[in-house]
1. What are the residue pairs meeting all of these: first residue in segment 125-142, first residue on the phi < 0 side of the Ramachandran plot, second residue part of a loop (DSSP other than H, G, I, E, B) and open to solvent by 50 Å² or more (accessible area, probe 1.4 Å), Cβ atoms under 9 Å, and 6 or more apart or on different chains?
2. Of everything in segment 1-36, what is in contact (Cβ under 8 Å) with a residue 60 or more places away in the chain, within 16 Å of Leu144 (Cα to Cα) and among the aliphatic types (A, V, I, L, M)? Give them in sequence order.
3. Within segment 17-26, how many residues are surrounded by 15 or more Cβ atoms within 10 Å (Cβ to Cβ) and touching a Phe, Trp or Tyr at 6+ places or on another chain (Cβ under 9 Å)?
4. If you check every pair at least six apart or on different chains, which have Cβ atoms under 7 Å apart with a residue in segment 90-114 that is at pLDDT below 80 first and a residue that is open to solvent by less than 30 Å² (accessible area, probe 1.4 Å) and not in a helix (DSSP H, G or I) second?
5. Got at least one residue in segment 46-54 being of a type in the set (Lys, Arg), outside any strand (DSSP E or B) and exposed (fewer than 13 other Cβ atoms within 10 Å of the Cβ)?
6. Of all residues being assigned to a helix (DSSP H, G or I) and charged (D, E, K, R) in segment 1-36, which is modelled with the lowest pLDDT? Just the residue, please.
7. Say we look at segment 61-106 and pick out the residues that are of a type in the set (Val, Ile, Thr) and not in a strand (DSSP E or B); which of these is farthest from the chain's Cα centre (by Cα)?
8. If only one of Ser91, Ser112, Ser71 is open to solvent by less than 50 Å² (accessible area, probe 1.4 Å), out of contact with any Asp or Glu (no Cβ under 8 Å at 6 or more places or on another chain) and small (Gly, Ala, Ser), which one is it?
Amino acid sequence: MKKILVTGMSGTGKSTALVELGRRGHRVVDTDTDEWHEWVTRPDGSREWMWREPTIRRLLSEHRDGALFVSGTSSNQGLFYPLLDEIVLLSAPADVMLERIARRDNNPYGKSPDERALVLEHLRTVEPLLRRGATVEIDGSAPLTEVVRRLEELA
(Lines give C-alpha, C1' and ligand atoms only; values in the text may rest on other atoms or scores of the structure.)
Protein backbone atom coordinates (compact mmCIF):
# COMPACT_ATOMS: atom_id res chain seq x y z
CA MET A 1 0.00 0.00 0.00
CA LYS A 2 2.63 2.47 -1.12
CA LYS A 3 1.84 6.17 -1.49
CA ILE A 4 3.92 7.83 -4.18
CA LEU A 5 4.02 11.52 -5.10
CA VAL A 6 4.92 12.26 -8.71
CA THR A 7 6.01 15.89 -8.82
CA GLY A 8 7.81 18.15 -11.27
CA MET A 9 7.48 21.13 -13.53
CA SER A 10 4.82 21.61 -16.21
CA GLY A 11 5.48 19.49 -19.26
CA THR A 12 7.55 16.79 -17.58
CA GLY A 13 4.89 14.12 -18.12
CA LYS A 14 3.18 13.82 -14.74
CA SER A 15 -0.38 13.74 -16.06
CA THR A 16 0.49 11.42 -18.95
CA ALA A 17 2.21 8.97 -16.60
CA LEU A 18 -0.78 9.03 -14.23
CA VAL A 19 -3.21 8.29 -17.05
CA GLU A 20 -1.17 5.24 -18.01
CA LEU A 21 -0.83 4.10 -14.39
CA GLY A 22 -4.60 4.41 -14.03
CA ARG A 23 -5.13 2.46 -17.24
CA ARG A 24 -3.00 -0.29 -15.68
CA GLY A 25 -5.31 -0.44 -12.67
CA HIS A 26 -3.47 1.71 -10.12
CA ARG A 27 -5.26 4.30 -8.01
CA VAL A 28 -4.21 7.73 -9.26
CA VAL A 29 -5.04 11.27 -8.15
CA ASP A 30 -4.04 14.30 -10.22
CA THR A 31 -4.20 17.14 -7.70
CA ASP A 32 -4.23 19.96 -10.25
CA THR A 33 -7.95 20.66 -9.72
CA ASP A 34 -10.11 22.76 -7.42
CA GLU A 35 -10.91 19.62 -5.41
CA TRP A 36 -7.29 19.36 -4.23
CA HIS A 37 -5.98 22.94 -4.60
CA GLU A 38 -7.17 26.38 -3.55
CA TRP A 39 -6.02 29.95 -4.06
CA VAL A 40 -4.43 31.29 -0.87
CA THR A 41 -3.65 34.97 -0.32
CA ARG A 42 -0.17 35.39 1.10
CA PRO A 43 0.74 38.09 3.67
CA ASP A 44 2.23 40.24 0.87
CA GLY A 45 -1.10 40.15 -1.02
CA SER A 46 0.07 37.74 -3.71
CA ARG A 47 -1.98 34.64 -4.43
CA GLU A 48 -0.72 31.10 -4.55
CA TRP A 49 -2.33 27.85 -5.76
CA MET A 50 -1.78 25.50 -2.81
CA TRP A 51 -2.89 22.03 -1.78
CA ARG A 52 -5.98 21.91 0.45
CA GLU A 53 -4.23 20.53 3.50
CA PRO A 54 -7.15 18.70 5.18
CA THR A 55 -8.16 17.10 1.87
CA ILE A 56 -4.66 15.90 0.97
CA ARG A 57 -4.02 14.71 4.52
CA ARG A 58 -7.25 12.69 4.44
CA LEU A 59 -6.36 11.17 1.04
CA LEU A 60 -2.94 10.04 2.24
CA SER A 61 -4.03 8.95 5.72
CA GLU A 62 -7.02 6.92 4.60
CA HIS A 63 -5.41 5.06 1.68
CA ARG A 64 -5.23 1.37 2.56
CA ASP A 65 -5.24 -0.78 -0.58
CA GLY A 66 -2.64 -1.09 -3.35
CA ALA A 67 -0.44 1.67 -4.65
CA LEU A 68 -1.60 5.28 -4.71
CA PHE A 69 0.06 7.62 -7.19
CA VAL A 70 -0.54 11.30 -6.46
CA SER A 71 0.56 13.86 -9.01
CA GLY A 72 1.12 17.54 -8.45
CA THR A 73 3.39 20.33 -7.38
CA SER A 74 2.58 22.77 -4.62
CA SER A 75 4.66 24.92 -2.29
CA ASN A 76 3.12 23.17 0.71
CA GLN A 77 3.71 19.61 -0.54
CA GLY A 78 6.66 19.15 1.84
CA LEU A 79 4.22 19.08 4.75
CA PHE A 80 3.03 15.72 3.44
CA TYR A 81 6.39 14.04 2.78
CA PRO A 82 6.19 12.09 6.08
CA LEU A 83 2.94 10.50 4.84
CA LEU A 84 4.50 9.36 1.54
CA ASP A 85 6.68 6.37 0.75
CA GLU A 86 8.35 7.95 -2.28
CA ILE A 87 8.65 11.46 -3.68
CA VAL A 88 9.44 11.15 -7.38
CA LEU A 89 10.72 14.11 -9.34
CA LEU A 90 9.95 13.85 -13.05
CA SER A 91 12.37 16.11 -14.86
CA ALA A 92 12.98 16.96 -18.52
CA PRO A 93 15.02 19.46 -20.51
CA ALA A 94 13.44 22.87 -21.06
CA ASP A 95 12.98 22.33 -24.80
CA VAL A 96 11.09 19.07 -24.19
CA MET A 97 8.86 20.71 -21.59
CA LEU A 98 8.03 23.69 -23.81
CA GLU A 99 7.33 21.44 -26.80
CA ARG A 100 4.94 19.28 -24.77
CA ILE A 101 3.18 22.33 -23.33
CA ALA A 102 2.74 23.77 -26.82
CA ARG A 103 1.25 20.47 -28.11
CA ARG A 104 -1.05 19.54 -25.25
CA ASP A 105 -4.76 20.16 -25.55
CA ASN A 106 -5.88 19.08 -22.08
CA ASN A 107 -4.37 22.02 -20.19
CA PRO A 108 -4.19 25.64 -21.37
CA TYR A 109 -1.36 26.59 -18.98
CA GLY A 110 1.89 27.61 -20.63
CA LYS A 111 0.55 28.78 -23.96
CA SER A 112 1.16 32.52 -23.55
CA PRO A 113 4.66 34.04 -23.72
CA ASP A 114 4.38 35.18 -20.09
CA GLU A 115 3.42 31.70 -18.91
CA ARG A 116 6.22 30.10 -20.95
CA ALA A 117 8.68 32.51 -19.33
CA LEU A 118 7.28 31.53 -15.93
CA VAL A 119 7.73 27.83 -16.76
CA LEU A 120 11.42 28.51 -17.45
CA GLU A 121 11.73 30.59 -14.27
CA HIS A 122 10.19 27.75 -12.24
CA LEU A 123 12.57 25.29 -13.88
CA ARG A 124 15.44 27.45 -12.62
CA THR A 125 14.10 28.25 -9.15
CA VAL A 126 11.54 25.60 -8.11
CA GLU A 127 12.90 22.39 -9.60
CA PRO A 128 16.08 22.50 -7.45
CA LEU A 129 13.86 22.66 -4.35
CA LEU A 130 11.86 19.67 -5.55
CA ARG A 131 15.07 17.78 -6.30
CA ARG A 132 16.26 18.26 -2.71
CA GLY A 133 13.08 16.68 -1.35
CA ALA A 134 12.87 13.86 -3.89
CA THR A 135 13.70 10.27 -3.04
CA VAL A 136 13.93 9.36 -6.73
CA GLU A 137 14.38 11.31 -9.96
CA ILE A 138 13.11 9.94 -13.26
CA ASP A 139 13.90 11.39 -16.68
CA GLY A 140 10.49 12.41 -17.98
CA SER A 141 11.84 12.67 -21.51
CA ALA A 142 12.29 8.87 -21.59
CA PRO A 143 9.61 6.83 -23.38
CA LEU A 144 6.35 6.67 -21.43
CA THR A 145 6.64 2.89 -21.00
CA GLU A 146 10.02 3.36 -19.29
CA VAL A 147 8.75 6.13 -16.99
CA VAL A 148 5.73 4.06 -15.97
CA ARG A 149 7.84 0.92 -15.50
CA ARG A 150 10.10 2.81 -13.09
CA LEU A 151 7.10 4.20 -11.20
CA GLU A 152 5.54 0.74 -10.92
CA GLU A 153 8.82 -0.64 -9.57
CA LEU A 154 8.53 1.81 -6.69
CA ALA A 155 5.08 0.47 -5.87
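The values are calculated or read from the model by the stated rules, or taken from the named source; none is laboratory data. These numbers were taken from a predicted model, which means no experiment stands behind them. Neighbour counts run over all protein chains shown; Cβ positions are idealised from the backbone, glycine included. These accessible areas exclude ligands, DNA and RNA; they are computed on the full protein's heavy atoms, side chains included. Shrake-Rupley method; radii C 1.70, N 1.55, O 1.52, S 1.80 Å.
1. Close Cβ pairs satisfying both conditions: Val126/Ser75; Leu129/Ser75; Thr135/Asp85; Ser141/Pro93.
2. Val6, Ala17, Leu21
3. Number satisfying all stated conditions: 4.
4. As it stands, the answer is Gly110/Gly11, since those pairs meet every condition given.
5. From segment 46-54, those of a type in the set (Lys, Arg) are 47, 52; that's our starting set.
From what is left, the residues that are outside any strand (DSSP E or B) are 52.
The next check asks that each one be exposed (fewer than 13 other Cβ atoms within 10 Å of the Cβ); those that pass are none.
Scanning segment 46-54 turns up no residue that is of a type in the set (Lys, Arg), outside any strand (DSSP E or B) and exposed (fewer than 13 other Cβ atoms within 10 Å of the Cβ).
6. Lys14
7. Residues of segment 61-106 of a type in the set (Val, Ile, Thr): 70, 73, 87-88, 96, 101.
Okay, now just the ones that are also not in a strand (DSSP E or B), so 73, 96, 101.
Numbers: Thr73: 5, Val96: 16, Ile101: 15 Å.
Ranking the qualifying residues of segment 61-106, first place goes to Val96.
8. Values: Ser91 fails: out of contact with any Asp or Glu (no Cβ under 8 Å at 6 or more places or on another chain); Ser71 fails: out of contact with any Asp or Glu (no Cβ under 8 Å at 6 or more places or on another chain).
Testing whether each residue is open to solvent by less than 50 Å² (accessible area, probe 1.4 Å), out of contact with any Asp or Glu (no Cβ under 8 Å at 6 or more places or on another chain) and small (Gly, Ala, Ser) leaves just Ser112.
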